[in-house]
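Take a look at the structure below.
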Amino acid sequence: MEGKNRLFEIECLKNVSHTTLDKIWRNGSIVEMPKQSVFIRAREPAGLVHFVLSGKVMVYNLTNHGKRKIIFIFGKGVLLNENVLNPRYCSNFYETMERSRIFVIGSGQFLKYMEEDFSLVRAVMEEQERKIWRLSHQLKNTMGSIYMERKLAAKLWKLARDFGKPTKDGIEIDFNMTVTFLADLMGAPRETVSRICKTLTEAGLMKMEKRRITLPDPDRMARFYKEGKL
């Protein structure tokens, strides 16, 4: 593939040799995806390794009742696949949240480069370890040891840290969110999340206008989800 090698800009690949990254770039391609494109499906072969060059992608699965549960939201510079060594199937669904550019390369070719260059193996392992670390913290917050208000506060604080932009009113999370989306993120009934949003809004911890959420004081939100004190 011609053009500037955008893989040099991906954080998780920063320690991979340029020779290997050039090989990957030449043998891959960029796919332009519109908003709400489901490009990886659970229980279907993956076949490709995906890196986010721009845009945002949500990772989710379905409960036994068919309800969506959002697991991760990823932005630029992330290796998406949870199954790199075994691409015969995928465990989750991957859907773009906005127009996105995804770099893809065949799984077999990518594995070949991993065999040739340990720095690439290490980069993949470190990226997967980061995801496991995030999952462990999510599990800790779903075992009844933290009230629902604090669970939502923790998720909003994390989203503001990862996708926030400064405004005159505070830190705005830079994508649209509805109460239904937050319910999917929490794995909770929509009515419950709507009530929690009202509570956090009345406490001055968040503002929600035209599907945009702003945290007036992220440090105060962090204290609330850690200590439960307003």
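The values are calculated or read from the model by the stated rules, or taken from the named source; none is laboratory data. This one's a predicted model, so the numbers in the text were calculated from it and none came from an experiment. Cβ: placed from backbone, ideal geometry, glycine included. Neighbour counts: every protein chain shown. Surface accessibility is based on the protein's heavy atoms, side chains included, excluding ligands, DNA and RNA. Shrake-Rupley method; radii C 1.70, N 1.55, O 1.52, S 1.80 Å.
The number of residues in region 65-104 being under 19 Å from residue 187 (Cβ atoms), of a type in the set (Ser, Thr, Tyr) and outside any loop (DSSP other than H, G, I, E, B) comes to 1. Across region 5-41, which residue is modelled with the lowest pLDDT among those that are open to solvent by 60 Å² or more (accessible area, probe 1.4 Å) and over 23 Å from residue 118 (Cα atoms)? Within region 5-41, the match that is modelled with the lowest pLDDT is 41. Given the criteria surrounded by fewer than 17 Cβ atoms within 10 Å (Cβ to Cβ) and over 21 Å from the mean Cα position of the chain (by Cα), does residue 228 qualify? So residue 228 fits the description; yes.
Taken over region 132-151, residues that are more than 22 Å from residue 201 (Cα to Cα) and at pLDDT 60 or above amount to 9.
The helices (runs of 4 or more DSSP H) found wholly in region 127-221 and carrying at least 2 residues that are hydroxyl-bearing (Ser, Thr, Tyr), at negative phi and free of Cβ contacts under 8 Å to residues at least 40 places away in the same chain occupy 190-202. Just one of the listed residues (213, 171) is open to solvent by less than 60 Å² (accessible area, probe 1.4 Å) and touching a Pro at 6+ places or on another chain (Cβ under 6 Å), and it is 171.
Suppose the filter is over 30 Å from residue 23 (Cα atoms) and open to solvent by less than 40 Å² (accessible area, probe 1.4 Å); does residue 160 pass it? Here the answer is yes, as residue 160 does meet what is asked.
The number of residues in region 181-207 being within 22 Å of residue 36 (Cβ to Cβ) and either open to solvent by less than 30 Å² (accessible area, probe 1.4 Å) or modelled with pLDDT of 95 or more (or both) comes to 7.
Within region 87-139, the residues that satisfy the criterion of being among the acidic types (Asp, Glu), within 21 Å of the chain's Cα centre (by Cα) and surrounded by 15 or more Cβ atoms within 10 Å (Cβ to Cβ) are 95, 98, 127.
For region 42-64, the set of residues classified as in a strand (DSSP E or B) and either open to solvent by 70 Å² or more (accessible area, probe 1.4 Å) or charged (D, E, K, R) (or both) consists of 62 only.
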